Amino acid sequence: MKNKQTSRLLKNAHLPSNAGFFRNHTVIIVFIVSLIMTVASYLFCDIPLAMYCRYLSPFVINIFDVITRLGVSTWYIVASIILYLFFRFIYKNDLNASRSIFVFLSVSLSGIIIDLVKWIAGRYRPIELFNHGYFGFGFFRNGYEWTSFPSGHAQTVFSLATALTILFPRWGIWLFVIAGMVGASRIILTSHYLSDVIAGAGIGILFTLAIKYYFDRKQIKLT
C-alpha cells in the first residue's frame, strides 16, 4: 500500500506542458512541509538533538559512519554518465539513455544549488556548537565548519530516491527508507543538524520534480 501511495504521489508530479510547475500539488506540499519542518527544527530540535547524538555509543557511530557513505554524490554522477554513454552510443537504447541523463541531472544540478546555498547561509556545523558555542548563520562563508546548511548528503540521496521512484515506482518505499537512513546518519554523526537534513531532502526532491517537469515539457519519455 505504501509503495502505491509513494508512486501515486510522484506520478501526480506529472503535468501537461501548458500547466505551471508551481501549480503542481506535490510540489506545493513538499515545499510547505519542508519549510515548516526546517524552521520548527531550527527553533526547537537542532541543539538538543545534536547534544544527544554527541554522546552516542561508538558502536552506533561506526554503523552510521558506513551508512553515510551512500550519500556521496560522486558514485551516482559517474555511474549515470557511464550508463548514458553506454545506452546512447553502444547498446543504443533511447529510453535508458534518457533515464540515465535524468538521474544525472537530478543529482548534479540540485547539488550545485546546495553548494550555492551553503555558501550563502554560512551556517555553523554542530562541531562549532560543541567547541565554541556558535549556533546559527554567518552568511557568505567558506570552509567545512561553516557549510552545514543544507545537507549535501541528504540532497543527494533524496534526489536520487525521487528520480528512481519516478522510473521504478515499485521500489519507492525502500528507496526512501534508505534515503532516510542516510539523512539520519548525518545527524547521528553530528555532521549536520536535523534542519540541515530536512532542507537538503526538500531541495533534492523539489529539484528532481523540476527536472521531471522539464522532461515532460520536452516530451522526453522516461517510462
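Work out from phi, with θ = phi - 60° and the Karplus expression 6.51 cos²θ - 1.76 cosθ + 1.60, the ³J(HN,Hα) of each residue of region 68-78, listed in order in whole Hz, and give x for Gly and Pro.
With coefficients 6.51, -1.76 and 1.60, one gets 5, 5, 5, x, 7, 6, 3, 4, 6, 5, 5 Hz.
Enumerate the aspartates and glutamates that Lys212 could reach by cross-link, defined here as Cα to Cα under 18 Å, with residues fewer than 8 away along the same chain left out.
Asp94
Just to verify a number: FRET efficiency for Asp65 and Gln219, C-beta to C-beta distance, R0 = 41 Å, to 0.05? Spell out each step's value before the answer.
Details: r = 44 Å, r/R0 = 1.07.
Once the sixth-power term is evaluated, E becomes 0.40.
If amide H atoms are built 1.01 Å from N in the plane of the peptide, which residues on other chains or at least 5 residues away come under 5 Å of the amide H of Arg123?
Amide H neighbours of Arg123, under 5 Å, 5+ apart: Gly138, Phe139, Ser148, Phe149.
At R0 = 41 Å, how high is the FRET efficiency between Asp94 and Val72 if r is their beta carbon distance? Nearest 0.05 is fine.
Values: r = 29 Å, r/R0 = 0.72.
My answer for the efficiency is 0.90.
Grab the other residues whose beta carbon is less than 13 angstrom from that of Val197, score K and R as +1, D and E as -1, and report the net.
Values: positive: Arg123, Arg125, Arg186; negative: Asp46, Asp196.
With Lys, Arg at +1 and Asp, Glu at -1, the net is +1.
Can you tell me the relative contact order of region 2-217? Whole percent, Cα pairs under 8 Å, sequence separation 6 or more.
Values: 348 pairs, mean separation 68.4, N = 216.
Reported relative contact order: 32 percent.
Set the Förster radius R0 to 45 Å, insert the Cβ-Cβ distance between Leu116 and Trp174 as r into 1/(1 + (r/R0)^6), and round the FRET efficiency to 0.05. Could you put the intermediate results ahead of the total?
Numbers: r = 31 Å, r/R0 = 0.69.
With a Förster radius of 45 Å, E is 0.90.
Where does the longest stretch of the chain lie that holds no chymotrypsin sites (Phe, Trp or Tyr not before Pro) found in a DSSP loop with 14 or fewer other Cβ atoms within 10 Å? Could you put the intermediate results ahead of the total?
Working: sites that count: Tyr55, Tyr91, Phe139, Phe140.
Looking at the chain, 141-223 is the longest stretch - no exposed chymotrypsin sites (Phe, Trp or Tyr not before Pro) with at most 14 other Cβ atoms within 10 Å.
We did not get these values from a lab; they are worked out from the coordinates using the rules stated. Fair warning: this is a prediction, and the values are worked out from it, not measured in the lab. When we count neighbours, we look across all protein chains shown, and the Cβ atoms used for this are built from the backbone with ideal geometry, even at glycine.
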